[in-house]
1. Cβ-Cβ below 6 Å, separation at least six or inter-chain, first residue in segment 16-38 and within 28 Å of Ile112 (Cβ to Cβ), second among the β-branched types (Val, Ile, Thr): which pairs?
2. If I filter segment 36-52 for residues that are assigned to a loop (DSSP other than H, G, I, E, B) and under 20 Å from Ile11 (Cα atoms), do I get at least one hit?
3. Quick one: which of Ala43, Ala48, Ala74 is hydrophobic (A, V, I, L, M, F, W, C) and exposed (fewer than 11 other Cβ atoms within 10 Å of the Cβ)?
4. Which residue pairs have Cβ atoms under 7 Å apart, sit 6 or more places apart or on different chains, and have a first residue in segment 48-63 that is within 12 Å of Leu23 (Cα to Cα) and a second that is open to solvent by 70 Å² or more (accessible area, probe 1.4 Å) and of a type outside the set (A, V, I, L, M, F, W, C)?
5. Can you tell which of Ser53, Ser69 is in contact with a helix residue (DSSP H, G or I) (Cβ under 9 Å, 6 or more places away or on another chain) and open to solvent by less than 40 Å² (accessible area, probe 1.4 Å)?
6. Can you list residue pairs whose Cβ atoms sit under 8 Å apart, with the first residue in segment 99-119 being open to solvent by less than 30 Å² (accessible area, probe 1.4 Å) and the second being at pLDDT below 95 and not in a loop (DSSP other than H, G, I, E, B)? Count only pairs 6 or more apart in sequence or on different chains.
7. Can you name every residue in segment 77-94 that is in contact (Cβ under 8 Å) with a residue 24 or more places away in the chain and either open to solvent by less than 20 Å² (accessible area, probe 1.4 Å) or in contact with a His (Cβ under 6 Å, 6 or more places away or on another chain) (or both)?
8. Applying the selection to segment 9-40, what residues are under 16 Å from Cys60 (Cβ atoms) and open to solvent by less than 60 Å² (accessible area, probe 1.4 Å)?
Amino acid sequence: AIALPAYTDYITRGKIPDATSQLSTRQILMEQFFQDNRTYVGAQPCVADTTTSKYFDFTCVADSVTANSFTLQAAGKDTMAGFTYTVNQAGTKATTAVPTGWTLPNPNNCWITKKGGVC
């Protein structure tokens, strides 16, 4: 009764770095694109990616890409459905959605990694 929920949470926490590491990498690629082109519009990391990760889909938030700004998003799928993480051009990280049983961090300026809003 205690072991199974704890193990399930452990497995879930182990999948979160799939989103956060990919978002960090894509943020760097966006900055490199900006240095070369002086705009974020047309940057490859903003192209929808549903195949790189088994647990997350990566996109840019709709209408967030301008010459001077962007917001990248990782939306959970399969066993990670319900999780949504974002990062923008300023490096501001946020957890915008969590599944039932998880709590959003307060203030919401980080990527949640554990239940109870722990980042």
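The values are calculated or read from the model by the stated rules, or taken from the named source; none is laboratory data. Please read all numbers here as calculations on a predicted model, not as lab measurements. Here Cβ is always computed from backbone atoms with ideal geometry, including for glycine, and neighbour counts include all displayed protein chains. Note: areas computed on protein heavy atoms with side chains; ligands, DNA, RNA excluded. Shrake-Rupley method; radii C 1.70, N 1.55, O 1.52, S 1.80 Å.
1. Ile16/Thr113; Leu23/Val87; Gln27/Val87
2. If we filter segment 36-52 for residues that are assigned to a loop (DSSP other than H, G, I, E, B), which is where we start, we get 38-43, 47-48, 50-52.
Those left that are additionally under 20 Å from Ile11 (Cα atoms): 52.
Taking every residue of segment 36-52 in turn, at least one turns out to be assigned to a loop (DSSP other than H, G, I, E, B) and under 20 Å from Ile11 (Cα atoms).
3. On the way: Ala43 fails: exposed (fewer than 11 other Cβ atoms within 10 Å of the Cβ); Ala74 fails: exposed (fewer than 11 other Cβ atoms within 10 Å of the Cβ).
Residue meeting the stated conditions: Ala48.
4. Going by the 7 Å Cβ cut-off, the qualifying pairs are Asp57/Thr50; Phe58/Thr52.
5. Values: Ser69 fails: in contact with a helix residue (DSSP H, G or I) (Cβ under 9 Å, 6 or more places away or on another chain).
The match here is Ser53.
6. Filtered contacts from segment 99-119: Pro105/Val118; Ile112/Val118.
7. Correct list: Met80, Phe83, Tyr85, Thr86, Val87.
8. Ala19, Gln22, Leu23, Ser24, Arg26, Gln27, Met30, Glu31, Phe33, Phe34, Thr39, Tyr40, listed by residue number.
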